[in-house]
Each structure stands twice: as C-alpha cells, then as structure tokens.
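Working notes for the structure below.
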Amino acid sequence: MQLKSIQDADLKGKRVLVRFDFNVPLSKTEPRTITDSSRIDQAIPTIKLMLEKGASKIIMISHLGRPDGQVNTKYSLEPVAQYLADKLGTDVVLSESAIDNGVKNLLHLPETKLVLLENIRFIAGEEKNELALAEKLASYGDVYVNDAFGAAHRKHASTHAINAFFKNRAYAGLLMKKEIDSLSSLLDKPAKPFVAIIGGAKVSDKIKTIEKMMVMVDTILIGGAMAYPFLKAKGASIGKSLCSDEDVNLAKHLLAADRGGKIKLPKDHIVSDSLEGAPAPCPGVSIPEHQIGLDIGSATIAYYSDYIKTAKTIFWNGPMGLFENKNFSKGTMSIAHAIAANDKVFSVVGGGDSVAAVQQSGEAEKFSHVSTGGGASLEYIERGELPGIQALKLGV
Ligand code: AMP
C-alpha cells in the first residue's frame, strides 16, 4: 500500500486534522522560550500548503515533553502557538484541552483558521493508543494528515489508532514525506562508499542500529562516549571515562561479529580530570587512570576525515564528545565541517544531539537531510518501517 501525500489531497473547504511533532526544547527558566525551533520551522511548509489548498480549518495536534497523561503547565504548547502565530502572521488559537467541548466551538468560529490543541500527552489515552480518544479527535476533521515523523515510532492514539477513522482520507505531510524519502535512500541502494558515524553516550541504545549498519555500510566510525566500551573490550585502559559493563559486553559482541573490520575506533583523545576541567590532549589509545575521555583527538579527526572525504553516502548519529562544553566540541565540529566539505556526498544526520551539534557548527544547510526524528530515524533505519507510517498507509 502506497503512502498518500498531502500534495495529492483535495482539501478545499475541508477541516484538516494534522498531527505535528512540535516537541521543541524549551528554556529551563520562566518565561519558557523555544531554544531550537527547527521542528516547527520544518512543519511550516505543510501548514502553508494546506492553506493554499483551501482548507477551511487546520486543527493541529502535538505533544511536548513527557507530562505522563497529566495536565502540567510546564509542558503547555503556549510558546509554540505564539511562535506559529508570529511566523505565519496570523492568529493561532490554543485550545484549553485537546478534548474539551470548547474545541467544537472553536471549529465553528468563521474567523479562526488555525487551532492548536493543547498538549495531547496531557491525556492518558494518548500513550495508551486509546480508540475512544482517537475517535474524539477524529470527530474534529474531515481528513487526517500526519506530519509528525519524530513521533512515528510510537503507537499512540493521535499517530496510530486515529487512522482507523480516516480510511482513504489520511495523508503524509511534506516533512513526513521528506524524512521517509531521505532515510529510504540510505536503505535502498546507497552510493558507496557508505560511512556511518555513530557517537553519543550509550551502546545499548544504539546496538540495533550498529548491527544493521554493519550489513549496510563500508565503514563505521565510532566516537563520543560510545567509543570507550569498544576500546575497553579491546583491552585498552579508559581511565574514568563513561562506560558500563553492559556496554562493554555489547561492544565485545559487535567486535566479534565485525569480521570485515568495518568498525573504526579513536586513536587519541581529549581528556580532563573532570567534566568542567581544562582539556588536555591524550596522544595514545589508552587513557591514564584518573582522566576522563571527553572528545576525540586530532589524530582521530584526521583519520575519520579521510573516510568522510571519499564517502558517497553518510549517516551520522551522536556527537563525538561532550560538545555542549566548548572545551570538548572540536571533534564534533570538525566532523560536521568535514562532511560539509564533501560536496559529492548524500549526508543524513539524525538524532536530537547530533542535530543540535550540526546547527551549532553552522553547516546544517550543507547536509542533504537533517532529520527531525531522533529515535524515529534510528528505528526507521533498523526496520525500514515505523508503526505510525504503516498505520497511515493501511488505515489501522
Ligand atoms: P546520545 O543521546 O546517545 O546521542 O548522547 C548524546 C550525549 O552524549 C551528549 O549530551 C554528549 O555530550 C554526550 N557525550 C558524548 N561524548 C561524551 C563523552 N566522551 N563523555 C561524556 N558525555 C559524552
């Protein structure tokens, strides 16, 4: 069954119910402001297209954070409503709740075009994929659009159960389509050499991705805290670097399975005696007893850059070090610059932290695709499908 795109939908005079992923990071202190608006910005073309196509009302659903089925003003979509109104130059009405009677009234106000329903995760039925909640939401729209790629790996009422009420009236939004097209081109005959760059903190979170990558790619460059379990598994000392016994075991299995020698590990590091301490180069593979590895070193940057230079396809997930601290961001920034300098590569970056790192490097424009989905992009690569996308195709 083919996914139907919103580009082919007749929306004239229709009320369109749309699931977006407006789960943006907010400042920790009041007033809560959006610190990275990428996810909203990437959804705007879909909103504009629906307006151009003559939709009479656009009713938007999203989650924000993890309020766990309880109303919690900390996770209100108010800043998102404000941002959308400013960006689109039009009124955006935020409902008090996604399911109160007031929503129906809003739908009858002739002057209100854009309605944002309050955080759908304030309602317990959302994460339980509850049919009754899906039915209530479905009553607001004539057609359903899912543009929330970042939430498509979840079976929730507004991403999964809801499709049952929109058979042949359900469409993928522009961002959803773009995400699927870009990630599918990694899976479907990618140009070689294909290099995966996997960093971040935990092997256990990404083991399935690495296993899948071992079949698909020519080279896997490992960086960040992800590297230490691998180095320890190979007998190197890693000082006080982040590493769990569980991850060392997983790394041992991956190394044993890697008969082609695709997995590449750092040759040197930037270390410190604490997370806030001064950075110091550590020229060898082993890290002294009282030091913490916090970034890849210059020899590793050069070693990895050589693979990046000649790659035709790159998938990157996870930073090369504690990049949020400027003292330990050079490895991650250098990798971003190296990818950006290769103008022949099809490059995809996925995952919250790596996306933030690419934005920080100022090179985002040079990437072929910056995915809005962290967990969703990894799961899509592992399985070639996601529950939310499958439901959108099949209407289940
Ligand atoms: P992940 O969500 O698994 O991609 O992990 C991203 C986080 O890992 C970021 O917050 C990084 O700062 C952190 N990280 C990466 N390398 C290191 C390291 N060597 N030591 C401590 N944290 C790290």
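The values are calculated or read from the model by the stated rules, or taken from the named source; none is laboratory data. Keep in mind it's a predicted model, so treat the numbers as computed, not measured. FYI the Cβ positions are ideal-geometry reconstructions off the backbone, even for glycines, and counts take in every protein chain you see. Note: areas computed on protein heavy atoms with side chains; ligands, DNA, RNA excluded. Shrake-Rupley method; radii C 1.70, N 1.55, O 1.52, S 1.80 Å.
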For region 228-243, in residue order, the Karplus 3J(HN,Hα) values (coefficients 6.51, -1.76, 1.60; θ = phi - 60°; whole Hz; Gly and Pro = x) are 5, x, 5, 5, 5, 4, 8, x, 6, 8, 10, x, 9, 5, 4, 5
Which order do peptides 279-290, 262-273, 354-365 fall in by mean Cβ count within 10 Å, highest first?
262-273, 354-365, 279-290
The chain: most fluctuating residue of Pro229, Pro319, Pro45 per GNM, C-alpha cutoff 10 Å
Pro45
Expressed as a rounded percentage, what relative contact order does region 300-350 have, with Cα pairs under 8 Å and six or more residues apart?
49
Which of the listed residues, Phe166, Ile198, Gly141, is farthest toward the dipole's positive end in region 118-257, when Lys, Arg count +1 and Asp, Glu count -1 at the beta-carbon?
Ile198
How much of the DSSP beta bridge set in region 1-160 is antiparallel, as a percent to the nearest 5?
5
How far is helix 330-341 tilted off the main Cα axis of the chain, in degrees rounded to 10, range 0 to 90?
70
If you roll a 1.4 angstrom probe over the protein chains with everything in place, what fraction of the accessible area of the chain belongs to carbon and sulfur, to the nearest %?
51
Compute the accessible area per residue over region 189-362, keeping the other protein chains in place, probe 1.4 Å, unit Å².
43
Angle between the chain longest axis and helix 352-361 axis [Cα atoms, degrees, rounded to 10]:
70
Run the numbers on region 98-236 and let me know its relative contact order in percent, using alpha-carbon pairs under 8 Å that are six or more apart.
17
Let me have the relative contact order for region 189-362, percent, based on Cα pairs under 8 Å that are six or more residues apart.
24
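Of all DSSP beta bridges located in the chain, what percent are antiparallel, nearest 5?
Beta bridges within the chain, antiparallel portion: roughly 20 percent.
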